1. Among (1) surrounded by fewer than 17 Cβ atoms within 10 Å (Cβ to Cβ); (2) touching a helix residue (DSSP H, G or I) at 6+ places or on another chain (Cβ under 8 Å); (3) not in a helix (DSSP H, G or I), which single condition is residue 92 missing?
2. Would you be able to say whether some residue in segment 219-233 is surrounded by fewer than 17 Cβ atoms within 10 Å (Cβ to Cβ), in the same structural domain as residue 24 (by TED's automatic domain parsing) and touching a strand residue (DSSP E or B) at 6+ places or on another chain (Cβ under 8 Å)?
3. Considering segment 76-114 alone, what residues qualify as being at pLDDT below 90 and within 10 Å of residue 174 (Cα to Cα)?
4. Test residue 165 against the criterion of being outside the structural domain of residue 50 (by TED's automatic domain parsing) and outside any loop (DSSP other than H, G, I, E, B), and give yes or no.
5. Could you tell me whether segment 7-24 includes any residue that is out of contact with any strand residue (DSSP E or B) (no Cβ under 6 Å at 6 or more places or on another chain), modelled with pLDDT of 95 or more and either more than 19 Å from residue 224 (Cα to Cα) or surrounded by 16 or more Cβ atoms within 10 Å (Cβ to Cβ) (or both)?
6. May I ask you to say which residue of 236, 210, 242 is on the phi > 0 side of the Ramachandran plot, touching a helix residue (DSSP H, G or I) at 6+ places or on another chain (Cβ under 9 Å) and assigned by TED's automatic domain parsing to the domain that holds residue 193?
7. Starting from residues that are out of contact with any strand residue (DSSP E or B) (no Cβ under 8 Å at 6 or more places or on another chain) and surrounded by fewer than 19 Cβ atoms within 10 Å (Cβ to Cβ), keep the ones in segment 168-191 and report whichever is nearest to residue 15 (Cα to Cα).
8. Report, by residue number, each residue of segment 49-63 that is in a helix (DSSP H, G or I) and more than 14 Å from residue 75 (Cβ to Cβ).
């Protein structure tokens, strides 16, 4: 895997941080999956976590979204300490992990999936006795969200029958229904054919307007095109951080990805 040319003019690192991890660590027995990571995600930015396989990216994501508890360290979101909170609590505060929390229901239509997600913030997702008329009050907002992710023509298609790329778009729509301040996207283009990568990357760019995005992504061309700032992990620690141009020219990062080269 090789780094390409860095795009110009994408760095909003002067913005105030919305998500901060300080000294974040996670040990499994004697193994440190994440080791003393300090991370600051600027409000309104698109920030990527990258690194070779086994670098600790997914564990770091699990810590930030409170799927697992840290062995050490502190996490603050929008100025509030969330270290001791559960994942559902941080999601209600506006920190939402897509493709995990927003899993779709294959036997519901695209519209019905988004409508279910819209009910969650209002505590109505389990109120099955409500009339269909009351639930359909949310249809207009659900259709607006489907239009944002270019799925308006698939509103009545069962989620299980959508293409892989469209399922990912639907998952973004259900995440947006939760009105997140920050979206954490775990491998948003993983497993996609080349024809789906571009539309999903553009969708992420559009949905990032007015909110913050932190993503784990292996596709470096997507990272180069989208991200304001990049943090590179290796062996559970931060190896480098900066713009795409800065990290792609860092000899340590190049070696971590493609191995040492002759001098």
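The values are calculated or read from the model by the stated rules, or taken from the named source; none is laboratory data. Predicted, not measured: the structure shown is a model, and the values here were computed from it. As a convention, Cβ positions derive from the backbone with ideal geometry for all residues, glycine included, and neighbour counts pool all protein chains shown.
1. (3)
2. Within segment 219-233, the first condition is being surrounded by fewer than 17 Cβ atoms within 10 Å (Cβ to Cβ), and the residues that meet it are 221.
Now drop any that are not in the same structural domain as residue 24 (by TED's automatic domain parsing), which leaves 221.
From the residues that got through so far, the ones that are touching a strand residue (DSSP E or B) at 6+ places or on another chain (Cβ under 8 Å) too are none.
No: segment 219-233 contains no residue that is surrounded by fewer than 17 Cβ atoms within 10 Å (Cβ to Cβ), in the same structural domain as residue 24 (by TED's automatic domain parsing) and touching a strand residue (DSSP E or B) at 6+ places or on another chain (Cβ under 8 Å).
3. Answer for segment 76-114, where residues must be at pLDDT below 90 and within 10 Å of residue 174 (Cα to Cα): 98, 99, 101, 102, 103, 104.
4. Details: outside the structural domain of residue 50 (by TED's automatic domain parsing): yes; outside any loop (DSSP other than H, G, I, E, B): yes.
Yes.
5. No, segment 7-24 has no match at all.
6. Details: 210 fails: touching a helix residue (DSSP H, G or I) at 6+ places or on another chain (Cβ under 9 Å); 242 fails: touching a helix residue (DSSP H, G or I) at 6+ places or on another chain (Cβ under 9 Å).
236 is the lone residue from the list that is on the phi > 0 side of the Ramachandran plot, touching a helix residue (DSSP H, G or I) at 6+ places or on another chain (Cβ under 9 Å) and assigned by TED's automatic domain parsing to the domain that holds residue 193.
7. Filtering segment 168-191 for residues that are out of contact with any strand residue (DSSP E or B) (no Cβ under 8 Å at 6 or more places or on another chain) and surrounded by fewer than 19 Cβ atoms within 10 Å (Cβ to Cβ), the one nearest to residue 15 (Cα to Cα) comes out as 179.
8. 57, 58
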